[in-house]
Amino acid sequence: MGLVITEVNNENELFNKVTELIEESRKHVAKAVNTAMVYTYYGIGQYIVEYEQGGNARAAYGKGILQRLSEQLTNKFGKGWSYETLSKCRKFYHVYANLSAGQTNFMPAFTLSWNHYQILMRIDNPDERQFYELEAEKQNWGYKWLQRQYASSLYERIALGRDKNEIMRLAAHGQIVEKPSDIIKNPISLEFLGLKSDSSYSETSLENAIISKLQTFLLEMGKGFLFEARQKRFTFDEENFYVDLVLYNRILQCYVLVDLKNDKLAHQDLGQMQMYVNYFDRYVKQDFEKPTIGILLCKQKNEALVKLTLPKNANIYAQQYALCLPEKSLLKEKVKEWITEFENDNEIATD
């Protein structure tokens, strides 16, 4: 931990500087302890697996081995060494040792906490697991947010609508935002708002709920989003217009206009958003900024209507939202279908 000591001019500043130093030190100590714990659990798992694989008899009585080891460790070190904990150590090694297949005495580099890895090692698909691990590390997710993102099927929601190569890129590099379509998820999950999907609510209620959970909403929208305004007014031809939410994406360097629709999407909604986007591009956007993106966040979207109403380069997207967590198994099947459909289309194109 590198320390930069600055001049202190009064007692209040002295207290604040010392407090800041202690808190920073505690963070580093906690992180170091967590990292050491992860490597310890991996090593314990390796010892258990190697011992169990030492003979058929040992493997057959694996549960008895773990139970006896748990009792011995508890007698020596106290609580924290239950049968369940040792079982997790064994599974942890099984999952992450696969990454080092064929490499002698290779130890994976662990950068997250044990709580993170307890979530990650439950994910069977190695590509999906690697995606969440990369995102948790790069975005500094706490384990509770990782748990939420996995439960909300973030991997599948990003993958839907992308081709096979882009899906493989998710596993290797995480989510990369390079173009407007990269920020689109299918659907946006708004379960954290606490609104019930089977009850009636107005667009104003939806907007108020989003504003009350703004930080979570921006995290759900994705990387690089900043909030600028709600009900942003602009006047054109002596008439006032209001954009529900004005966001900015610092990665894409462009405005993102969001209109909320709690009913079926209509072509008038698309036309209105096209006008909003045109206004921002002509009168608000600066020369160095990219074209404005429009998102209609709707309860029901109609992809055919969007394609029929808007030109291909409109930079406007209809994005469905869900007030409850999406069905993970259903989304997994949709991703498989999407990849198969993409591959079949490519085969036809090359025939």
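The values are calculated or read from the model by the stated rules, or taken from the named source; none is laboratory data. Quick caveat, the model's predicted, so the values are computed rather than measured. FYI the Cβ positions are ideal-geometry reconstructions off the backbone, even for glycines, and counts take in every protein chain you see.
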>> On the basis of being aliphatic (A, V, I, L, M), modelled with pLDDT under 90 and either touching a helix residue (DSSP H, G or I) at 6+ places or on another chain (Cβ under 9 Å) or surrounded by 10 or more Cβ atoms within 10 Å (Cβ to Cβ) (or both), does M37 make the cut?
In response: no
> Which condition does F15 not pass, out of (1) among the aromatic types (F, W, Y); (2) outside any loop (DSSP other than H, G, I, E, B); (3) modelled with pLDDT of 80 or more, if it passes all the others?
Replying inline: (3)
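Just for the stretch 12-52: of the residues that are basic (K, R) and within 33 Å of the chain's Cα centre (by Cα), which one is nearest to K91 (Cα to Cα)? Don't jump to the end; show me each part of the working.
Step one: of the stretch 12-52, the residues basic (K, R) are 17, 26-27, 31.
Then keep just the ones that are within 33 Å of the chain's Cα centre (by Cα); that gives 26-27, 31.
Values: R26: 30, K27: 28, K31: 23 Å.
That would be K31.
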> Between a first residue in the stretch 204-227 that is under 17 Å from C254 (Cα atoms) and a second residue that is of a type in the set (D, E), which pairs have beta carbons less than 9 Å apart while being 6 or more apart in sequence or on different chains?
Replying inline: G222/D182; K223/D182
>> Can you find, within the stretch 53-68, the residue that is nearest to D124 (Cα to Cα) among those that are modelled with pLDDT of 80 or more and not small (G, A, S)?
In response: L66
>> Would you confirm whether or not the stretch 222-244 contains a residue that is under 14 Å from L190 (Cα atoms) and within 27 Å of the chain's Cα centre (by Cα)?
In response: yes
> L265 passes all but one of (1) more than 25 Å from E289 (Cβ to Cβ); (2) of a type in the set (A, V, I, L, M, F, W, C); (3) out of contact with any Cys (no Cβ under 9 Å at 6 or more places or on another chain); which number fails?
Replying inline: (3)
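State all residues of the stretch 132-170 that are of a type in the set (A, V, I, L, M, F, W, C) and over 9 Å from the mean Cα position of the chain (by Cα); if no residue qualifies, say none.
Residues of the stretch 132-170 of a type in the set (A, V, I, L, M, F, W, C): 134, 136, 141, 145-146, 151, 154, 158-160, 167-168, 170.
Hits for the stretch 132-170 are L134, A151, I158, A159, L160, I167, M168, L170.
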> Under the condition of being touching a residue at least 40 places away in the same chain (Cβ under 8 Å) and surrounded by fewer than 19 Cβ atoms within 10 Å (Cβ to Cβ), which residue from the stretch 141-170 is nearest to E333 (Cα to Cα)?
Replying inline: L160
>> Looking at the stretch 128-140, I want the residues that are more than 15 Å from G222 (Cβ to Cβ) and have a partner that is small (G, A, S) with Cβ atoms under 6 Å, at least 6 apart or on another chain. Which pairs are those?
In response: Q130/A171
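Give the stretch 245-276 a look and list any residue that's among the polar types (S, T, N, Q) and more than 22 Å from the chain's Cα centre (by Cα), or say none. Before you say what the answer is, go through the steps one by one.
Pass one, the stretch 245-276, residues among the polar types (S, T, N, Q): 249, 253, 262, 268, 272, 274.
Selection gives N262, Q268, Q272, Q274.
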> Which members of the stretch 185-208 meet the condition of being surrounded by 15 or more Cβ atoms within 10 Å (Cβ to Cβ), under 21 Å from the mean Cα position of the chain (by Cα) and modelled with pLDDT of 85 or more?
Replying inline: K185, P187, I188, S189, L190, E191, F192, L193
